[in-house]
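Worksheet: the structure to be examined is printed underneath.
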Amino acid sequence: MSLLPLRVSLPESDLREALGPIDGVEFVDWPMEGPAPVPNIDLVVTPYMGASNRVAHLAGVETRLVQSQSIGYDGIDRLLPAGHVFANAATVHETSTAELTLALILASQRGIPDFVRAAEQGEWAPAHHPSLADRTVLLVGYGGVGAAIEARLLAFETTVVRVARTARSDARGEIYAMDALPTLLPHADIIVIGVPLSESTTRLVDDAFLSLMRDGALLVNIARGQVADTDALLAHASSGRLRLALDVTDPEPLPHGHPLFALPNVLVSPHVGGASSAMRPRMARLIREQIERMARGDAPVNVVLRS
């Protein structure tokens, strides 16, 4: 049984272009910067950035599904008005985020920032740097992004150790619980932080965490900035004991002239894990699937909250 026609609101015009024609759907342009233009919207797609600041405008709007363009949804549970079903964007960003993670790791391991700085000065500066091959990589957080990172790391002949909220096992072996971190951290050459932000993970990476890491180890944060204590990161990086590769920071954006920018052993990217050419087509594919499921009367995918 078809439940068409459907009303779908989109926050960006290029997302409408990526979706292409869909019969039986009325599209509404709504960036959620103010009240909804109509009282009933079957599917609301939130903006990619700043959605948590705008979901309050859903109050009084009748919806069947609110679709995020992000995987993470920290804070949404406190801000989403009552009566809505909220889905995240699992399947959209995992590949791009894994690509950036590997790029940060490879750049840090092989000294690419040093080479770029030397080239800017017109200097030829050969140097010996550690490989990625034969390194032990600890993944702290093992959801869809963690699995995508693992798949790419294994191709580089690394040893990958997985940590998740709860212990379990799969075809590759053991996945450790978070309480195993004190035992695992001293043995890792590279630690990738990919946990969702929650009360239990806020400031997870603190001075005690960093102190357990071996000298010269690399910490990569592609989760949320608040998962790490910025003062502790700065202290351990300033001493030269640890290296950092950060796609997320606290605060964010990192202020102009922040001391993390000046450290040669710190690589900062401006929260662009999912921001690649793969995003729009994959987001459009997910929205189209949600529309088709809604038209058939089937339950949506990726539901993470019901307010």
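Over segment 94-268, Cα pairs under 8 Å with separation of 6+ residues give a relative contact order of 19 percent.
Annotation: amide H of ALA167 within the under-5 Å range of ALA177, sequence separation 5 or more or interchain, hydrogens built in the peptide plane.
With the Kirkwood sum run over all distinct C-alpha pairs, segment 94-268 has a hydrodynamic radius of 16.5 Å.
Across the protein chains, with a 1.4 Å probe defining accessible surface, the residues MET279, MET178 rank MET178, MET279 from largest area downward. Of the two radii for the chain, the radius of gyration is 1.02 times the Kirkwood radius, both from the alpha carbons; that is the Rg over Rh value. The loop-placed GluC sites (Glu not before Pro) in segment 46-136, going by DSSP, that have at most 11 neighbouring Cβ atoms within 10 Å of their Cβ come out as GLU123. Can you give the local net charge around VAL248? Use residues other than it whose beta-carbon is closer than 15 angstrom to its beta-carbon, Lys and Arg +1, Asp and Glu -1. Local net charge: -3. Normalised by the number of residues in the chain, the mean separation of alpha-carbon contacts (under 8 Å, six or more apart) gives a relative contact order of 19 percent.
Charge dipole (Cα centre; +1 on Lys/Arg Cβ, -1 on Asp/Glu Cβ; no other charges) of segment 94-268 amounts to roughly 240 debye. Using a 1.4 Å probe on the protein chains only, how many percent of the accessible area of the chain belongs to carbon and sulfur? Carbon plus sulfur share of accessible area: 54 percent. GNM remark for the chain: springs join alpha carbons under 10 Å apart, and the peak mean-square fluctuation among PRO264, PRO253, PRO196 falls on PRO253. If you take all other residues with their beta carbon under 12 Å from the beta carbon of ALA103, and give Lys and Arg +1 and Asp and Glu -1, the sum is 0. Solvent-free Debye calculation, one equal scatterer per alpha-carbon of segment 1-117: log10 I(q)/I(0) at 0.11 Å⁻¹ equals -0.47.
Taking all protein chains into account, the per residue accessible area for segment 94-268 stands at 48 Å² (1.4 Å probe). The Cβ shell under 15 Å around PRO31 holds other residues with a net charge of -2, Lys and Arg each +1, Asp and Glu each -1. Rounded, prolate or oblate: which fits segment 2-48, taking a ≥ b ≥ c as square roots of the Cα gyration tensor eigenvalues, rounded meaning a/c under 1.5, else prolate when a/b beats b/c? Oblate, because a/c is 1.5 or more while a/b does not exceed b/c. Just checking the listed ones, GLY146, GLY83, GLY122: in the Gaussian network model of the chain with Cα springs under 10 Å, the one fluctuating most is GLY122.
When each of the peptides 161-171, 285-295 is scored by how many other beta carbons lie within 10 Å of its residues on average, the order from highest to lowest is 285-295, 161-171.
Projection of the Cα convex hull of segment 199-296, averaged over all directions and equal to a quarter of that hull's surface, yields 8.7 nm².
The values are calculated or read from the model by the stated rules, or taken from the named source; none is laboratory data. As the structure is a prediction and not an experimental result, all values here were calculated from the model. Every residue, glycine as well, gets a Cβ built from its backbone with ideal geometry; the counts of neighbours run over all protein chains shown. All accessible areas refer to the heavy atoms of the entire protein, side chains included, with ligands and DNA or RNA removed. Shrake-Rupley method; radii C 1.70, N 1.55, O 1.52, S 1.80 Å.
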